[in-house]
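Any read-out appearing in this document is the output of simple, stated calculations on the displayed coordinates, not a laboratory observation. Note that this is a predicted model, so its numbers are computed, not measured. No Cβ is skipped: glycine too gets one built from the backbone with ideal geometry, and neighbour counts run over all protein chains shown.
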Amino acid sequence: MDVKIPLSEKDIPKQWYNLAADLPSPLQPPLGPDGKPITPDMLAPVFPMNIIEQEVSTQRWIDIPQEILEILYRWRPAPLRRAVYLEKYLKTPAKIFYKDESTSPPGSHKPNTAVAQAYYNKVFGIKKITTETGAGQWGSALAFACKLLGLECKVYMVRISFDQKPFRKLMMQVWGAKCIASPSDQTEFGRKILKEMPDTPGSLGIAISEAIEDAVHDKTGQTRYSLGSVLNHVMLHQTIIGLEAKKQLKMVGIDKPDIVIGCAGGGSNFAGLSFPFVQDKINGADIEIIPVEPKACPTMTRGEFAYDHGDTACMTPLLAMHTLGHAFVPEPIHAGGLRYHGMAPLVCQAIVEGLLTPRAYHQLKCYEAALTWANTEGFICAPETSHAIAAAIDEAVKAREEGKEKVILFNYSGHGLMDLTGYDAYLSGKLADYELPEDSLKKSTACLKGLPKPSTKKSGKW
Ligand SMILES: Cc1ncc(COP(=O)(O)O)c(C=O)c1O
């Protein structure tokens with residue numbers, strides 16, 4: 001029985017996979033304030049040009065620079081594991097595999113792109129990077145990457161997580177970054193929000209606005225902004241996860257999984273694991289591919305497919321994505337990384353095509369799954385990751401009921417050792433389920449009226 005399936009360092013993927021090359025209906029371009037597609041130079045104050053080139057690239061395979069690989073070797077290739085103890089507990093004939101992204105120094109998949117982004121910024125001559133963070137996973141990943149590449153790092157952390165997760169803030173400080181609660185008094189937009197809503201728990205949309213404002217207002221031109229999810233280049237950098245997993249499954253004689261699962265906040269860990277399998281599906285493979293989100297922030301399952309801003313202050317271009325509206329302020333559920341109003345355009349276009357089947361879960365079900373996981377496999381997962389585990393359990397139970405030996409693969413996006421306050425709230429019975437009410441959804445999507453509409457045309461193959 002193969003419980004751990006390691007991949008040798010010499011077999012680490014040397015290229016990333018770009019789904020934009022293979023999507024049957026082309027990705028719809030980001031639009032500027034005039035409703036016209038933006039040009040790369042319009043993004044130049046925010047991102048370095050080498051990253052913008054990746055953002056707009058439709059090249060299928062993109063080489064991973066050696067300097068990035070040398071940093072990734074600290075924990076990559078990441079292990080593929082088989083959850084045999086959970087399988088036994090569930091009495092399922094299914095084989096459950098998971099890609100263990102919790103083994104990176106900051107404890108999640110986020111450094112896969114943090115290292116790449118810090119590298120490209122450095123090569124471009126940038127000295128400082130600003131960013132936002134929800135759960136703190138992204139902020140700590142970027143702090144780690146900036147330290148290794150010799151860049152300054154400033155992180156705007158969503159207020160609710162800043163209060164709930166003091167240890168993440170300390171990790172950022174250990175790696176030399178500045179971490180500030182958002183909304184803050186350090187930006188014009190933060191001050192405006194604080195005046196209007198002094199008790200707001202904050203949101204990723206607000207924190208993004210602050211981090212962009214900070215970057216573009218640096219008169220020296222040596223600061224850029226970095227986003228930990230949503231954008232095409234982030235999805236690209238994360239595909240190393242799925243490319244490794246494919247090789248590892250082959251090592252145990254599995255040609256393809258039947259089901260691929262990932263939790264989805266902005267879409268990056270889900271995309272990272274699944275896009276190489278989406279490519280196989282486009283080429284005819286029969287694979288069910290499931291992104292999972294919280295019912296409290298049901299972007300893919302109840303949001304509109306619309307052109308919307310990535311941030312609350314409307315500083316970003318309009319992206320064609322499923323969205324709850326840029327003004328959406330989610331309930332303070334513990335899966336902080338799944339509280340974003342939008343979703344990666346690449347994931348959304350794949351949803352429009354029918355290549356993915358998104359679903360949404362309540363947080364109590366997810367914590368229950370996290371406890372089952374900890375009591376069988378032994379590991380304590382991040383609250384975000386528990387959504388993927390809950391779906392894997394549901395699929396394994398279904399396989400048992402159907403008597404089918406399915407292969408389930410999911411992304412174990414991070415450990416939960418810094419998220420124990422959420423477990424505390426669950427264990428002491430303080431957590432409740434929350435489903436976004438229909439009238440709140442109507443209110444939060446009202447800001448989409450008057451914005452351009454993306455095409456929902458699809459190839460009709462799925
Ligand atoms: C452990 C973990 N999983 C998942 C996510 C969700 O982000 P994404 O959808 O970009 O993978 C986060 C975000 O912070 C996270 O920390």
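The table below gives the values:
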| read-out | value |
| --- | --- |
| Fewest-first ranking of Met49, Met1, Met343, Met315, using other Cβ atoms within 10 Å as the exposure measure | Met1, Met49, Met315, Met343 |
| Alpha-carbon radius of gyration plus Dmax, which is the widest Cα pair, for the chain in Å | 20.4, 64 |
| The chain - Cys residues lacking any other Cys C-beta under 4.7 Å | Cys179, Cys263, Cys297, Cys314, Cys348, Cys366, Cys381, Cys447 |
| Percentage relative contact order, the chain, counting C-alpha pairs under 8 Å, at least six apart | 20 |
| Shape category assigned to the range 111-227 from the gyration tensor of Cα positions, a/c cut at 1.5 | oblate |
| Value of relative contact order over the range 11-74, rounded to a whole percent, pairs C-alpha under 8 Å and six or more apart | 48 |
| Note, ³J(HN,Hα) from phi for the range 413-419, Karplus 6.51, -1.76, 1.60, rounded to Hz, x at Gly and Pro | 6, x, 8, x, 5, 9, 10 |
| Filtered trypsin sites (Lys or Arg not before Pro), the range 200-265: DSSP coil and at most 15 other beta carbons within 10 Å | Lys219 |
| Net +/- balance of residues flanking Ile129 in space, Cβ distance below 15 Å, scoring K and R +1, D and E -1 | +2 |
| For Ala306, distant residues with modelled amide H under 5 Å away | Met321, His322, Thr323 |
| Taking Ser203, Ser413, Ser104, Ser8 and counting other C-beta atoms within 10 Å, the order from fewest to most | Ser8, Ser104, Ser203, Ser413 |
| J(HN,Hα) series, the range 235-247, from Karplus relation 6.51 cos²θ - 1.76 cosθ + 1.60, nearest Hz, glycine and proline x | 4, 4, 4, 7, 5, 4, 5, x, 5, 5, 4, 4, 4 |
| Value of relative contact order over the range 111-227, rounded to a whole percent, pairs C-alpha under 8 Å and six or more apart | 31 |
| Per DSSP, loop trypsin sites (Lys or Arg not before Pro) in the range 399-462 with at most 13 further Cβ within 10 Å | Lys404, Lys430, Lys449, Lys457, Lys461 |
| Pairs of alpha carbons in the range 279-431 whose separation is greater than 26 Å (percent) | 33 |
| Calculated [θ] (222 nm, deg cm²/dmol) that DSSP helices of n ≥ 4 give over the chain, each run adding -39,500 (n - 2.57) | -11500 deg cm²/dmol |
| Loop-resident sites, the range 83-118, for trypsin sites (Lys or Arg not before Pro), counting at most 14 other Cβ within 10 Å (DSSP) | Lys91 |
| Selection from Cys179, Cys447, Tyr17, by position along the positive dipole direction of the chain (Cβ) | Tyr17 |
| Where a label projected 7 Å from the Cα of Leu417 along Cα→Cβ would reach, residues of the range 373-400 with amide N under 13 Å | 379-382 |
| Chain lengthening between Val216 and Asn283 when straightened (0.36 nm per residue, less Cα-Cα) | 19.9 nm |
| Karplus (6.51, -1.76, 1.60) ³J(HN,Hα), θ = phi - 60°, over the range 317-324, in Hz, Gly and Pro reported as x | x, 7, 10, 7, 7, 6, 8, 9 |
| Amide H partners (placed H, <5 Å) of Thr239, local residues excluded | Tyr17 |
| 5 angstrom amide H check on Cys179, placed H, neighbours 5+ away | Val155 |
| For Thr385, Thr299, Thr312, order by how many other beta-carbon atoms lie within 10 Å, fewest first | Thr312, Thr299, Thr385 |
| Tail beyond 16 Å, pair distance distribution of the range 198-303 (Cα, percent) | 68 |
